[in-house]
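Just dropping this structure here.
The values are calculated or read from the model by the stated rules, or taken from the named source; none is laboratory data. This is a predicted model, so every value here is computed, not measured. Virtual Cβ from ideal backbone geometry, glycine too; neighbours counted across all protein chains shown. Side chains included, ligands, DNA and RNA excluded: accessible areas come from the protein's heavy atoms. Shrake-Rupley method; radii C 1.70, N 1.55, O 1.52, S 1.80 Å.
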Amino acid sequence: MNSTSTPEPTPERAVAATTVRLFSTRTLLVCAALAVVAGVIAQLSRVLGVAIQAIVPWLSFPAPLPWFLGIMVAVALFRRPGVALITGFLGMVASAGGLVLVGGIIIELVFLTGRYRRWSPPRYYLAAGLIAAVNFGFMYLYADFTTLPILVQILAFLIRLGLYLGYAWLALWTTAQLERAGIHGVSKARSAS
């Protein structure tokens, strides 16, 4: 075999060529911690939903709390495919409910449409708007909500949308504060070395 020929394929080279880079332990631990944050807020959303129902029933279920905040912070911190799904799945386990996973799927799909090349703030706001719309759709599962006047239903959506867009801003701000404190995502840590 001369030096200009290509090396013969071996099983090790075939495996190395098809191996996908997995998440580091550090990434998984941060996603798990942020998933617990999302899960705890989702649990609080259930409890506060009952209290809100007594005061403002048309905003009650699910309560418009930032239960997807941990997922958005994880995505903004690491900026890589699969982070929203992992964090959403772990948040679902922590909250014992599927709402957090639905948020993770929506956030993941928003960044998938840009082929994971665009991580700009408008994408986070788009994800928050879609989550607000889906979350608002869940309100139609309650018979009392469907009997409300249409203007009250529109007001409920606008309040939820405004809050969720604010939560997207809070997620981006929290990420900036974490990075300023020295907690960087994998991509920034890799580029610094």
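Just subtract the alpha-carbon distance of S120 and A176 from 0.36 nm times their residue separation and send over the number in nm, one decimal.
18.8 nm
Next question. Send over a whole-number figure in Å² for the accessible area per residue of region 23-124, probe 1.4 Å. Write out the running numbers ahead of the final one.
On the way: 4420 Å² over 102 residues.
Value for region 23-124: 43 Å² per residue.
If you roll a 1.4 angstrom probe over the protein chains with everything in place, what fraction of the accessible area of region 45-193 belongs to carbon and sulfur, to the nearest %?
Reported share for carbon and sulfur atoms: 73 percent.
State whether region 42-193 is rounded, prolate or oblate according to the following rule on the C-alpha gyration tensor (a ≥ b ≥ c being the square roots of its eigenvalues): a/c under 1.5 gives rounded; otherwise a/b larger than b/c gives prolate, and the remaining case gives oblate.
Note, shape of region 42-193 comes out prolate.
Which of the chymotrypsin sites (Phe, Trp or Tyr not before Pro) found in region 112-152 are loop residues per DSSP with 16 or fewer other Cβ atoms within 10 Å of their Cβ?
Numbers: sites: Y116, W119, Y124, Y125, F136, F138, Y140, Y142, F145; in loops: Y116, W119, Y142.
Loop-located and lightly packed - Y116, W119, Y142.
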